[in-house]
Every structure is written in C-alpha cells, then in structure tokens.
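Have a look at the structure below before the remarks.
Only the coordinates and a few stated rules stand behind these numbers; no lab work does. Remember, predicted model here, so these are calculated numbers, not experimental data. Cβ atoms come from the backbone with ideal geometry, glycine included; neighbour counts cover every protein chain shown.
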Amino acid sequence: MQLHEQYRPKNFDELVGQDKAAAKIKALAKRGLGARAYWISGQSGTGKTTIARLLGSQLAEPMYIEELDATDLSAAKLRDIEQSLAVFGLGQKNGRVVIINEAHGLNKTAIRQLLVMLDRLPSHAAIIFTTTVEGQELLFAEQEDTAPLLSRCIQIELARRDLAKAFAQRAMEIAQKENLDGKPIAAYLTLVQKHRNNMRAVLQSIEAGEMLE
C-alpha cells in the first residue's frame, strides 16, 4: 500500500492543516448531515478526497458510499444514482452517499439533472463533490449553470496557506515510522514547498527515498 493511502486520516482529529473544514463539518453534524449536498474545493493533495470520505462515513456504512468521477455521469447513471439514494442503507448507519470527484468535469446535461436531484435528496442521503481550485474556476467560466448548482451545496473551501510546517512535520513523522528518514525538518519543509503543499506527492517522494541520506 502506498504511503498516502496507508496514512490517510481515519477521523477528523487526524486531519492536518484543515481545522476550519473539520470544525465546519462537526458543527453541521449537530443539525444532521443528510438531505444535503457538499462542494469541497482545494488544491491538489490537501485533503479533498479524505474529507469527502470522512464526511460520507458519518452517514453511511462503507458499502453504501459510492465514489466516481464526474466524467462518468451520464444521464442514465444519474438516474441510477437517484434511485439508489432513495433506498435506506443497511447497518448502524442507514444512509447512502455518493462522492463525485473531479467535479470540474461535469457537463451541462449532468449539471442540469443534478439541479433537480439536489432539490429532492432524501433525509438519509448526501452527494459530495470535490474539485480543485483551478478546476472550479474553469467550470464557472464554461458552464452557466454552475452558480445555481453551488447555491444548492454547502461549500467547504480547504485551507491553502500556512500548511507547509504542519505538512512537513507530519511527513517527517511518517518517514521516521517507515525508516525512510535521514534529513532534518528543514528538508521536509523544502520538499513540501517544492510540491506546493501536495501531501500525496510529498509522501510519494519520501517513499522513493528522497529523505534518506
């Protein structure tokens, strides 16, 4: 298993550098996370998918969390999703969740179909979109229905600044656990800055031995 998967946070308390996003979700949880759509945006490798999965796990058991790419959303697929969301999941958590990654890949037809779906989400269901900051800007420029779509979502913007020190410290801790460490914290800080706070890329470099003497 790759390091970025092995050390992916398993709860909100393990998240690094995204305290505001975690606090927002915890506050929403007090009022109920179902019957909502969420739009998570941030730079690559800063925790979008992790937060989406953690959010989904608050509502549904793993087998009732579906994850797919926006480019896979045909009209037929969206109809199937709406039908599946109408049925309760099984287990202690009886919800259902769909995570749509790379949401900047949504086409006009999918967006218009989603506008209707989001207005009638069941109380036990949620749809979570993730996208990069750059992708979101491009989507706004190309699709006129993006603003109405976002107005139906709770927007969670991930932190972009002041991540380097926290990410460097976490990267060093992981490297030490895996016996891949041989350099001071300053080297990890440089590595994080080199990869523009992309923790996935940082851990891939560590896995390749970049922090060994």
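Can you pick out the pairs among LYS26/LYS165; LYS93/LYS177; LYS48/LYS194; LYS30/LYS77; LYS30/LYS177 whose Cα atoms lie more than 30 Å from each other?
Result: LYS93/LYS177; LYS30/LYS77; LYS30/LYS177 exceed 30 Å.
Could you work out how far helix 133-142 tilts from the main Cα principal axis of the chain, as a 0 to 90 degree angle to the nearest 10?
30
Starting with the fewest neighbours, write out ASP72, ASP181 ranked by other beta-carbon atoms found within 10 Å of each beta-carbon.
Final ranking by Cβ density, sparse to dense: ASP72, ASP181.
What angle do you read, to the nearest 10 degrees and between 0 and 90, between the alpha-carbon axis of helix 75-85 and the longest principal axis of the chain?
In the chain, helix 75-85 runs at an angle near 90 degrees to the longest axis.
So who's got an amide H within less than 5 Å of the one on GLN155, skipping anything under 5 residues away but keeping other chains? H placed 1.01 Å off N, in plane.
Those qualifying (amide H under 5 Å, at least 5 residues apart or on another chain) are TRP39.
In nm, to one decimal, how far is the modelled label at ASN94 from the one at GLU173, with both set 7 Å along Cα→Cβ?
Simple spin-label model gives 3.8 nm for this pair.
Compute the label zone of LYS108 within region 119-147: residues whose backbone N is under 13 Å from the point 7 Å along Cα-to-Cβ.
142-146
The chain: longest stretch without exposed trypsin sites (Lys or Arg not before Pro) (DSSP loop, at most 15 other Cβ within 10 Å), sites themselves excluded?
Result, exposed sites excluded: 32-119.
Please list, in order, the residues from region 47-79 whose amide nitrogen is less than 12 Å from a point placed 7 Å along the Cα→Cβ vector of ASP145.
Once the point is set 7 Å along Cα→Cβ of ASP145, 75 turn out to lie under 12 Å by backbone N, inside region 47-79.
Once phi is turned into θ = phi - 60°, what whole-Hz ³J(HN,Hα) does the Karplus curve with 6.51, -1.76 and 1.60 give for every residue of region 106-114, x standing for Gly and Pro?
5, 9, 4, 5, 5, 4, 5, 5, 5
Got the relative contact order for region 40-96 handy, in percent, Cα pairs under 8 Å and 6 or more residues apart?
Working: 35 pairs, mean separation 23.4, N = 57.
Relative contact order, region 40-96: 41 percent.
Based on the Cβ-Cβ distance from ALA29 to ILE185, what FRET efficiency comes out when R0 is 25 Å, to the nearest 0.05?
That pair, ALA29 with ILE185, gives E of 0.15.
Decide, for the chain, between rounded, prolate and oblate: order the square roots of the alpha carbon gyration tensor eigenvalues as a ≥ b ≥ c, take rounded if a/c falls under 1.5, and otherwise choose prolate if a/b is larger than b/c, else oblate.
Taking the square roots of the gyration eigenvalues as a ≥ b ≥ c, the chain is prolate.
To the nearest 10 degrees, how steep is helix 48-57 against the longest Cα principal axis of the chain, on a 0 to 90 scale?
60
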